[in-house]
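Report on the following structure.
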Amino acid sequence: RHAASRIAVMYLGKIVEIADAKAIYDDPLMPYTKALISAVPVPDPDLEAARKRIVLGGDVPSPVNPPNGCRFHTRCSYTIEACKEVVPPLLEIKPNHFAACIRIGPKQPQIESVAPGEAPGLDAVPGIFS
């Protein structure tokens, strides 16, 4: 938490989120980042016992032969069909906070609030609707 002022989170060789360290720890946007943060031990035993861990399911893809579309879609609980086809661009979702996910966008940054099947981040992907 105190080693860097900015953090880039990578999954299978691609940056999926980048922001100031405080934003990554306090308000992660990507499901993968949220899972990583939930795995960091907390020194206070009471807080550690009370917090919720995010355990990722699904298959871990091969880094030699990553899946089409979003590389995280095989493990993401928010995956929709478009995630399997569209490579999400790294977009500025909040000021100086970038994420690569078609399920979120600047107008809808919290994936837990996005309606099932919606992909607000697709609006920013060139050529999808043209």
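Hey, got the dipole for the chain? About the Cα centre, +1 on K and R Cβ, -1 on D and E Cβ, debye to the nearest 20? Numbers along the way, then the final one.
Values: 14 positive and 14 negative charges, 39 e Å.
Magnitude of the dipole: close to 180 debye.
Annotation note: trypsin sites (Lys or Arg not before Pro) in region 40-130 located in DSSP loop regions with a Cβ neighbour count of at most 16 within 10 Å are Arg51, Lys52, Arg53, Lys107.
With an 8 Å cut-off on Cα pairs and a minimum separation of 6 or more residues, tell me the relative contact order of the chain in percent.
On the way: 181 pairs, mean separation 26.4, N = 130.
Once divided by the residue count of the chain, the mean separation gives 20 percent.
The stretch between Ala39 and Lys84 holds 13.6 nm of extra length on full extension. This uses 0.36 nm per residue minus the Cα-Cα distance. Gain on full extension, evaluated as 0.36 nm per residue between Tyr25 and Asn65 minus their Cα-Cα distance, stands at 11.4 nm. Calculated mean residue ellipticity, 222 nm, the chain: -4000 deg cm²/dmol, from DSSP H runs (n ≥ 4) at -39500 (n - 2.57) each, averaged per residue and rounded to 500.
The modelled label-to-label distance between Arg53 and Ser77, using points 7 Å beyond Cα along the C-beta direction, is 1.4 nm.
The slack in the chain from Gln110 to Leu12, taken as 0.36 nm per residue of separation less the alpha-carbon distance, amounts to 33.0 nm.
From largest to smallest, the equivalent ellipsoid semi-axes obtained for the chain from the alpha-carbon gyration tensor read 25, 17, 15 Å.
Bear in mind that the values in this text are calculations on the coordinates, not laboratory data. For clarity, every value in this text was computed on a predicted model and none was experimentally measured. Neighbour counts are summed over all protein chains in view; Cβ atoms, including those assigned to glycine, are modelled from backbone coordinates with ideal geometry.
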